[in-house]
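*Asks:* Pasting a structure here, questions to come.
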Amino acid sequence: MSSPSVFQPGNTAVITGGASGIGLALATRCATQHGMKVLVADWNEEQLGKINNANITTFKMDVSKLDDWAKLKSKVDELFGGKISLLTLNAGISPPSNWSDPASFQAILSTNLFGVINGITALLPTVKSSSSPSSPSAIIITGSKQGITNPPGNPAYNASKAAVKSLAEHLSFDLRTAEPPIGVHLLIPGWTFTGLTGNKSGSSAQEKPAGAWWPEQVVDYLQDKMAEGKFYIVCPDDDVSEETDRKRMLWSVGDVVEGRPPLTRWRDEWKGEAKEWMDKQ
């Protein structure tokens, strides 16, 4: 389902994790280029305080807490008359996790997974009631390639993003016959220079690694693919092409289909075969 018309003057957007990175880039695009009214929700009060745009209102919240979602809904009713044209569930954290620290799993899943679940349950009725044939509403959920290819190193983060992918797929399926239509899109960024990946200042003046994209490039790609009606929006970067992403994903699911051990792409005894297979594709 195509939903390009969500980006138009007079429409409204709610963006979690919107005080920095991809969320902020999307909020700024909506407010500045498209004349939309935007509500940015984030836990980082310092970053929220740096936002200075007449079309953007900020709201401090913890996406893991249902009480905060009830307050956010009240704010939507107050500011936007209960209308959400674009809901973007983007808040995420990526601290280390390991098997001896259950608290790390709890923290990551509470934000990355339940932040999405809470947002859908709290605001989906509002998104549905806001959609019209001439201006369909849309939902963007931010996933991760790590939730698909599952590289070793941070099991809690990978698990959270794998679950987010599953939730987004079910939401898209359940809303496939909604009238008026509602577009659902799973944004899967590539290597993006944000606070999660090293840009602690959030400044474009900080030197970006050569292979990474700026958040604004991700938003460009996102809008193009939304206009094409894509659900899976798998962003490349300057190091990894779309074709390479496809090969990596196909190899990963091959572990299941072919009965191989898990995570063979990173196992010493399988690395050569994995590389050879991808080179031939």
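The values are calculated or read from the model by the stated rules, or taken from the named source; none is laboratory data. Just so it is clear, the model here is predicted, and its values are computed rather than measured. When we count neighbours, we look across all protein chains shown, and the Cβ atoms used for this are built from the backbone with ideal geometry, even at glycine.
*Asks:* (1) within 20 Å of the chain's Cα centre (by Cα); (2) within 29 Å of E169 (Cβ to Cβ); (3) not charged (D, E, K, R): which one isn't true of Q8, the others all being true?
*Replies:* Here Q8 meets the rest and fails (1).
*Asks:* Taking the stated definitions as given, is G82 surrounded by fewer than 18 Cβ atoms within 10 Å (Cβ to Cβ), in the same structural domain as T58 (by TED's automatic domain parsing) and in contact with a Pro (Cβ under 9 Å, 6 or more places away or on another chain)?
*Replies:* Against the criterion (surrounded by fewer than 18 Cβ atoms within 10 Å (Cβ to Cβ), in the same structural domain as T58 (by TED's automatic domain parsing) and in contact with a Pro (Cβ under 9 Å, 6 or more places away or on another chain)), G82 does not qualify.
*Asks:* Quick check on my filter: what residues within segment 251-279 are closer than 15 Å to P152 by Cα, out of contact with any helix residue (DSSP H, G or I) (no Cβ under 8 Å at 6 or more places or on another chain) and either outside any helix (DSSP H, G or I) or assigned by TED's automatic domain parsing to the domain that holds P151 (or both)?
*Replies:* R267
*Asks:* Would you confirm, using the coordinates I've provided, whether Q8 is touching a residue at least 40 places away in the same chain (Cβ under 8 Å), out of contact with any Phe, Trp or Tyr (no Cβ under 7 Å at 6 or more places or on another chain), over 22 Å from L187 (Cα atoms) and not aliphatic (A, V, I, L, M)?
*Replies:* no
*Asks:* Can you tell me which residue in segment 26-63 is nearest to H185 (Cα to Cα), limited to those that are in contact (Cβ under 8 Å) with a residue 40 or more places away in the chain and surrounded by 24 or more Cβ atoms within 10 Å (Cβ to Cβ)?
*Replies:* For segment 26-63, the residue satisfying everything is L26.
*Asks:* Of all residues in segment 193-211 being of a type in the set (S, T, Y) and surrounded by 13 or more Cβ atoms within 10 Å (Cβ to Cβ), which is modelled with the highest pLDDT?
*Replies:* T194
*Asks:* Continuing with this model, one more query. Has segment 16-25 got at least one residue that is assigned to a helix (DSSP H, G or I) and without any contact (Cβ under 8 Å) to a residue 40 or more places away in the chain?
*Replies:* We begin by selecting, within segment 16-25, every residue assigned to a helix (DSSP H, G or I); these are 21-25.
From what is left, the residues that are without any contact (Cβ under 8 Å) to a residue 40 or more places away in the chain are none.
No, segment 16-25 has no match at all.
*Asks:* Where the second residue is aromatic (F, W, Y) and the first is surrounded by fewer than 21 Cβ atoms within 10 Å (Cβ to Cβ) and lies in segment 171-192, which pairs have Cβ atoms under 6 Å and are six or more apart or on separate chains?
*Replies:* Correct list of pairs: S172/F231.
*Asks:* So for segment 158-166 (the condition being without any contact (Cβ under 8 Å) to a residue 60 or more places away in the chain, under 15 Å from the mean Cα position of the chain (by Cα) and surrounded by fewer than 15 Cβ atoms within 10 Å (Cβ to Cβ)), does at least one residue qualify?
*Replies:* For segment 158-166, residues without any contact (Cβ under 8 Å) to a residue 60 or more places away in the chain, under 15 Å from the mean Cα position of the chain (by Cα) and surrounded by fewer than 15 Cβ atoms within 10 Å (Cβ to Cβ): present.
*Asks:* Which ones in segment 203-226 are over 17 Å from the mean Cα position of the chain (by Cα) and either free of Cβ contacts under 8 Å to residues at least 24 places away in the same chain or part of a helix (DSSP H, G or I) (or both)?
*Replies:* S203, S204, A205, Q206, E207, K208, P209
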